[in-house]
1. Restrict the search to the range 35-109; then list the GluC sites (Glu not before Pro) that DSSP places in a loop and that have at most 10 other Cβ atoms within 10 Å of their Cβ.
2. Over the range 61-215, with a single point scatterer placed on each C-alpha, what log10 of the ratio I(q)/I(0) does the Debye formula yield at q = 0.09 1/Å?
3. Roughly how big is the range 7-140's charge dipole about its Cα centre, with Cβ charges of +1 (Lys, Arg) and -1 (Asp, Glu), in debye to the nearest 20?
4. What number, in percent, do you get for the relative contact order of the range 155-294 if the mean sequence gap of Cα pairs under 8 Å and at least 6 apart is divided by its residue count?
5. Using helices alone, I'd like the mean residue ellipticity at 222 nm for the chain: each DSSP H run of four-plus residues gives -39500 (n - 2.57), total over residue count, nearest 500.
6. Roughly how many Å is it from the Cα centre of the range 192-236 to that of the range 240-314, as a whole number?
7. Take the residue pairs K227/K260; K200/K272; K169/K260 and return only those whose Cα atoms are more than 29 Å apart.
8. What share of the DSSP beta bridges in the chain is antiparallel, in percent to the nearest 5?
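The values are calculated or read from the model by the stated rules, or taken from the named source; none is laboratory data. Just so you know, these numbers come straight off a predicted model, no measurement behind them. So basically every Cβ, Gly included, is an ideal-geometry build from the backbone, and we count neighbours across all protein chains shown. Ligands, DNA and RNA are excluded from the accessible area calculation, which covers all protein heavy atoms including side chains. Shrake-Rupley method; radii C 1.70, N 1.55, O 1.52, S 1.80 Å.
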Amino acid sequence: MSNSRVALYLQDAHPLREGMKLAQFAEKHGFEAVWQAESRLVRDAIVPMAAYAAVTERIKVGSGVINNWTRNIGLLAATFLTLDDLAPDRIVCGMGAWWDPLATNVGIERRKPLVAMRETVEVMRRLLAMENVTFHGEFHHVQGIELDVVHGRREPRHVPIMIGATGMKMMELAGEIGDGVLLNYCVPPEYNDPALEHLKAGVARAGRKYDDLDRPQLVVCSVHQNKATALDGARGLLTQYLAQQPHIAQASGVGGDVVKQIQSILGWPATKEQIKEAMHFVPDELVQRITASGTPEEVKAKVREYIAHGCTCPVLYPLGDPFLMIEVFSEGY
């Protein structure tokens, strides 16, 4: 039996209007969701999500992922209420703990990330349930607030909160309080094994059922009939991420010497020229181990490995020809 669940992940590799066409193309080809990234200081998630929601009818639209530090909790809930007004019951909130050094560089101190995430999820859920909320925690202090809908739907909103977790403690928290977990990319399939054991520990702690938690996973996917072209399509992104996002480098199992070599060339932000110069430090073997890159059959086989290691729905980030990738995965894998 072929696997059929599949979703699209967009970041900043495509112009926004092309992203809108890709969301429509993905919907037409049976994809269940389109997720928009928000990580580097390049493209926020909310504007593209609204754009995708406005030009589609059935596909779910998710944030993959916003962080829980930079938006006031009242605004955060109001934003997702607004998106749900645009596309009722199609919006998914993916939320993660962000990363340093970027957070520090914009003045955010990421202390006690687990407590902060727990509080954010609780208050946001209660607001979207249309409750009047008073909450005094360590990070959120709200007094008698509610989503003040005068014109429009007053009923509770169904916006699943998926926690984007990379570290094992956040994985446990996702198992305990999340509607699911959005597993990270640029990791080998076997990274999932210990990660999902931690997810299960959180599930057990909360008396929940593991199978009730969705486990979509971001997967870099560069597909081309020419294998070398496909591998080069993913290599640039890996070069940048291994240098700038230490949590991904650590989870990927990449040696520190590779990271240091890349970091010696890349500045912040990295230029196209720097990425090109450092790319040769990322060998083909690494590209193939932590992404789904190659010919159509090779990328499908790699995606099946992530499924075999507990991913429930691959969320594919196209770095080759995005329309070809959608067609390749439209018939299952």
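1. E57, E109
2. For the range 61-215 at q = 0.09 Å⁻¹, log10 I(q)/I(0) is -0.29.
3. Values: 15 positive and 16 negative charges, 34 e Å.
Charge dipole of the range 7-140: 160 debye, to the nearest 20.
4. Values: 212 pairs, mean separation 37.2, N = 140.
Across the range 155-294, relative contact order equals 27 percent.
5. Working: 14 runs with 148 residues, N = 333.
Helices in the chain give a 222 nm mean residue ellipticity of -13500 deg cm²/dmol.
6. Centre-to-centre (Cα) distance: 14 Å.
7. Values: K227/K260 27 Å; K200/K272 41 Å; K169/K260 27 Å.
Checking Cα-Cα distances, K200/K272 exceed 29 Å.
8. On the way: 3 of 36 bridges.
Restricted to the chain, the bridges split so that about 10 percent are antiparallel.
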